[in-house]
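Okay, structure first, notes after.
Bear in mind that the values in this text are calculations on the coordinates, not laboratory data. Predicted model, so just to flag it, every value in this text is computed and none were measured. Neighbour counts are summed over all protein chains in view; Cβ atoms, including those assigned to glycine, are modelled from backbone coordinates with ideal geometry.
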Amino acid sequence: MSSLLVDNIGELVTNVAGTGDGSPLGLRRDSAVLVEDGHVAWVGPARYAPAADRRIDAGGAAALPGFVDSHAHLVFAGDRAAEFAARMAGQPYTGGGIRTTVGATRAASDDTLRATVRRLVGEAMRQGTTTIEIKSGYGLTVADEARSLRIAAEASEETTFLGAHVVPAEYADRPDDYVGLVCGPMLAAAAPYARWVDVFCERGAFDADHARAILTVGQAAGLGVRLHANQLGPGPGVRLGVELGAASVDHCTHLDDADVSALADSTAPDGSGTATVATLLPGAEFSTRSPYPDARRLLDAGVTVALATDCNPGSSYTSSMPFCVALAVREMRMTPAEAVWAATAGGARALRRTDIGVLRPGARADLTILDAPSHLHLAYRPGVPLIHQVLHNGVPQCRS
Ligand code: NIG
Ligand code: FE
């Protein structure tokens, strides 16, 4: 078993609360991380670092756990640049373009879809992301949802069945029949490749009754629950998610006090944070020119918050977690520390993972070294390629 020492880390974000500087980021100065067999074996002061077979010198720069992007739609074909341009000229975003991508995705070969997933996962990795959740949802037939998830599962262990993204055109006048298809044969074909089930619970997509039916059968098939909720307007999604014990409710742009209280009251079994995480996706508000969710209100109420890209060809075609961190700080009143936590440990919570988003012995050796002295620079220097090197499962990836 060979060992690797990442040495001379000027500022290390561990996300082990109460250690280092005592903050939630568990910041340590002048540190080193020993990696063995793809996992963190030791974290401590650089001057006490054990010997190792190989060494990476971080040059006094900052390092942090790899970003955990807990919400992305990567299995699709085509793009919707013209729709984006129309929005920037004043058209509203309604989610109606999803059907355009469904048509292109159904017509694409497996290899075309696979190449897009690979390209986007690589793009994300070069921006510091070491875990990325991938949803289906642009196939919307039994065969196309199953193949979307099969392809997603080749690239990530975090795969989500989103057959209930929209009602496809051929079922437009019989949505109940489509929900029956999703709950029956589509779920059966998709479940072997999926860890999670998701529903777009929104006016124009699926209402609370449909969402409950789909999520409940998904749960019975062994899938964890997450959902798109309260993105385009107020609605029942967030409270439904909490009621069903969802790991995460995503978007949370239009919340009332009852939604915030429901989230805040969903205490995690270990008492740390909330059982249901609010995952905020500021790339979507950026790309649809919409008001941002109020992260401050959620954080002040004690809700655990994650940040993710929502990477998809319609509402948020970015794979950049640093961009989302910068938006969250500038536009959503999160502190830089809160945003970095939300993009790493928060994403891990949203996926109910304890082995990622954190750097402590036993965790996966997913680590991002910055071209910057501090995590603050991620928001302070927006749009700048600050990712120097990424370790995934202890393996150094290509430098950007
Ligand atoms: O999360 N809201 C639903 N789904 C995506 C958008 C998908 C699309 O526009 O293609 C989202 O924003
Ligand atoms: Fe989404």
* Asked: Does segment 295-386 classify as rounded, prolate or oblate by the C-alpha gyration tensor (a ≥ b ≥ c root eigenvalues; a/c under 1.5 gives rounded; else a/b over b/c gives prolate, otherwise oblate)?
  -> rounded
* Structure fact -> Residue-ordered couplings for segment 245-253, obtained by feeding phi - 60° into the Karplus form 6.51 cos²θ - 1.76 cosθ + 1.60 and rounding to whole Hz (Gly and Pro as x), are x, 4, 5, 7, 10, 10, 4, 6, 7
* Can you pull the percent of Cα pairs in segment 265-337 with separation above 14 Å? -> 59
* Structure fact -> Taking N as the residue count of segment 121-175, its alpha carbon Rg divided by 2.2 N^0.38 Å gives 1.35
* Asked: What is segment 333-382 by shape, rounded, prolate or oblate, if you read a ≥ b ≥ c off the alpha carbon gyration tensor as root eigenvalues and call it rounded for a/c under 1.5, prolate for a/b larger than b/c, and oblate otherwise?
  -> oblate
* Asked: According to the Kirkwood expression over distinct Cα-Cα pairs, how big is the hydrodynamic radius of segment 237-392, in Å?
  -> 15.9
* Structure fact -> With a Förster distance of 41 angstrom and the Cβ-Cβ distance between A208 and A89, calculated FRET efficiency to the nearest 0.05 equals 0.75
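Ordered by packing density, taken as the mean number of other Cβ atoms within 10 Å over each peptide's residues, highest first, how do 309-319, 275-285 rank?
The most tightly packed comes first, giving 275-285, 309-319.
In deg cm²/dmol, rounded to 500, what helix-only [θ] at 222 nm does the chain give when every DSSP H run of at least 4 residues adds -39500 (n - 2.57) and the total is split over its residues?
-8500 deg cm²/dmol
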* For the chain, state what percent of all Cα-Cα pairs lands in each successive 20 Å bin, counting from 0 Å until the bin that includes the largest distance. => 30, 57, 13, 0
